[in-house]
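To keep things clear, I will list the structure first and then write my remarks on it.
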Amino acid sequence: MPKNQLITDARAKLRNDMEGYRSLPEYILDGVGALFNKLSSRSAAQRKAFLPRDASTQENDGFPSYWLNGAAIAVFTYLIGWSVAFLLGQPFDPFEKTLAMWGAGTGALALIANKVNIRAFLNTFRQTCLDKMLHSSDV
């Protein structure tokens with residue numbers, strides 16, 4: 001097999017493997033989006049898997065935005081904290097409400113920032129850097 005074909009095959013395999021990669025924060029955000037899709041039965045019949053294959057292009061295919069998913073996680077996190085405080089008989093005072101909202105919002109924003117940075121890195125590597133590799137051992 002020619003050397004160029006080996007490099008081309010190695011690049012294609014690596015691109016395919018990177019397409020399906022997700023970090024833990026992406027699994028959390030995308031899992032909430034897939035749950036939204038499943039509950040609304042939008043495009044769930046079209047997909048065989050719970051999560052779309054390519055995390056980089058999923059929003060183009062009608063998958064809920066990671067901003068919507070992050071907002072849902074923030075609200076859900078706040079509601080859990082509020083529920084626990086209520087069940088313990090110590091509802092939030094105004095300062096604790098503010099602190100809980102800030103904590104829930106910051107946590108969701110950290111998930112979103114991680115997803116954006118991971119996608120930016122992987123897309124750059126998958127499109128630009130991978131083409132510049134000259135040896136199959138580099139790939």
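Where a number appears in this text, it was derived from the coordinates with a stated rule and is not lab data. Because the structure is a prediction, the values reported are computed rather than measured. Every residue, glycine as well, gets a Cβ built from its backbone with ideal geometry; the counts of neighbours run over all protein chains shown.
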Around Ile73, under 13 Å between beta carbons, what's the net of Lys plus Arg minus Asp minus Glu among the other residues? -1
If you average the alpha carbon positions of the range 65-106 and of the range 1-41, how far apart do those two centres end up, in angstrom? 32
List residues of the range 7-22, by number, whose backbone nitrogen lies under 13 Å from a label position 7 Å along Cα→C-beta of Phe125. 14-22
Let a ≥ b ≥ c be the square roots of the eigenvalues of the Cα gyration tensor of the range 3-132; is it rounded (a/c under 1.5), or, if not, prolate (a/b larger than b/c) or oblate? prolate
